[in-house]
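Accompanying notes for the structure given below.
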Amino acid sequence: MSEPAGAGPAPWRLIVTVNGAPVAEHDRRERLAGHQRRVLDGMDADMDGGIELEGRHIPHPSAADRARFVAMQLLLALDRGDRDLVTLACAYLARRHPRLGEVRAVDDGEWISLELVQDPGGDAS
């Protein structure tokens, strides 16, 4: 998960950091199998019915709401050690949000702050 000194962000990679340490990543260059794409579609269908985000119900979540919701699920999965859900959440975020370069979390033991950092060099396609 390291890059040569002076290297910029890699647009093919989504990285997840907690308290500055890399904890997960997803390589956008890897093809997803058909069943994996269907699972991501199912996640969207489930969220079409609304989501609970930061203590409030959002009946029609925007793409940004969905990204934040999935990123929070990703952090919970990391905490539980659920690698399958971590992988799925990373794939969702990387595929549905191609300019997303980093999910950056800071956990102080009581609160988790979450920032979704866009990669300025990312491909918008």
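The values are calculated or read from the model by the stated rules, or taken from the named source; none is laboratory data. Just so it is clear, the structure is predicted and the values come from calculations on it, not from any experiment. Cβ: placed from backbone, ideal geometry, glycine included. Neighbour counts: every protein chain shown.
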**Count of residues meeting criterion [in a loop (DSSP other than H, G, I, E, B), free of Cβ contacts under 8 Å to residues at least 60 places away in the same chain, under 17 Å from the mean Cα position of the chain (by Cα) and closer than 24 Å to Ala105 by Cβ] in the stretch 24-64** = 4
**Message:** Condition check: in contact (Cβ under 8 Å) with a residue 24 or more places away in the chain, of a type outside the set (Lys, Arg) and crowded, with 17+ Cβ neighbours inside 10 Å. Does Ala89 satisfy that?
**Reply:** no
**Message:** Anything in the stretch 7-23 that is among the hydrophobic types (A, V, I, L, M, F, W, C), at pLDDT 95 or above and either loosely packed, with under 12 Cβ neighbours inside 10 Å or not in a strand (DSSP E or B) (or both)? List them, or say none.
**Reply:** Ala21
**Prompt:** Which members of the stretch 65-85 meet the condition of being closer than 20 Å to Asp119 by Cβ and touching a residue at least 40 places away in the same chain (Cβ under 8 Å)?
**Reply:** Ala67, Arg68, Ala71, Leu74, Leu75
**Message:** Being among the aliphatic types (A, V, I, L, M) and not in a helix (DSSP H, G or I): is that true of Ala67 here?
**Reply:** no
